[in-house]
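J.: Sharing a structure here in structure tokens format.
The values are calculated or read from the model by the stated rules, or taken from the named source; none is laboratory data. The model shown is predicted, which means the values in this text are computed figures rather than measured ones. Counting neighbours? That spans all protein chains shown, and the Cβs are built from the backbone with ideal geometry, glycine included.
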Amino acid sequence: MVKISDYKFEVGDHVQIKDWDEMVDEFGVRRDSGNIPCKCSFTQEMKHLCGKDFHISALHGSQLDLVMSEEGIELREDGLFPEFWNISFDMIKPYTDNNSQPEINMSDWEQVI
């Protein structure tokens, strides 16, 4: 099984911002600010990004640029996050659609019967 920390993200990958509680469990919370101390601090103002999905548009060392996959988040004119939101790899995970149903191949069912 591949751990998310071992996952190598690339430009074009469909990713999701981790849930707040997931990051709190992983990194804790700073008492003074209430922010999550991951590589680039995840602030209270960023909390609405949790669970949203994006595509990676550029990589910059330990940081990355994301392009929206859905509507509702105000981005800069160039389509990127506002300057004060730095996104690091430890804030994201590969995208999974929790609402999708697994595909069932009928030949698999025939083998079971």
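J.: Just wondering, is there one or more residues in segment 43-52 that are within 20 Å of D13 (Cβ to Cβ) and either at pLDDT below 85 or of a type in the set (F, W, Y) (or both)?
T.: No, segment 43-52 contains no residue that is within 20 Å of D13 (Cβ to Cβ) and either at pLDDT below 85 or of a type in the set (F, W, Y) (or both).
J.: So which pairs qualify, if the first residue must be in segment 28-48 and under 15 Å from I17 (Cα atoms), the second must be of a type in the set (D, E) and in a loop (DSSP other than H, G, I, E, B), the Cβ gap must be under 6 Å, and the two must be at least 6 apart or on different chains?
T.: Short answer, once both residue conditions are applied: none.
J.: Output the residues belonging to segment 27-42 that are touching an Asp or Glu at 6+ places or on another chain (Cβ under 8 Å) and at pLDDT 95 or above.
T.: Matches in segment 27-42: F27 only.
J.: Given the conditions (1) β-branched (V, I, T); (2) modelled with pLDDT of 70 or more; (3) part of a loop (DSSP other than H, G, I, E, B), which single one is not true for V15?
T.: Evaluating V15 over (1) β-branched (V, I, T); (2) modelled with pLDDT of 70 or more; (3) part of a loop (DSSP other than H, G, I, E, B) leaves (3) as the failure.
J.: Separate question: Against the definition (touching a helix residue (DSSP H, G or I) at 6+ places or on another chain (Cβ under 6 Å), closer than 16 Å to P94 by Cα and either surrounded by 15 or more Cβ atoms within 10 Å (Cβ to Cβ) or at pLDDT 80 or above (or both)), how does I56 come out, yes or no?
T.: In short, no.
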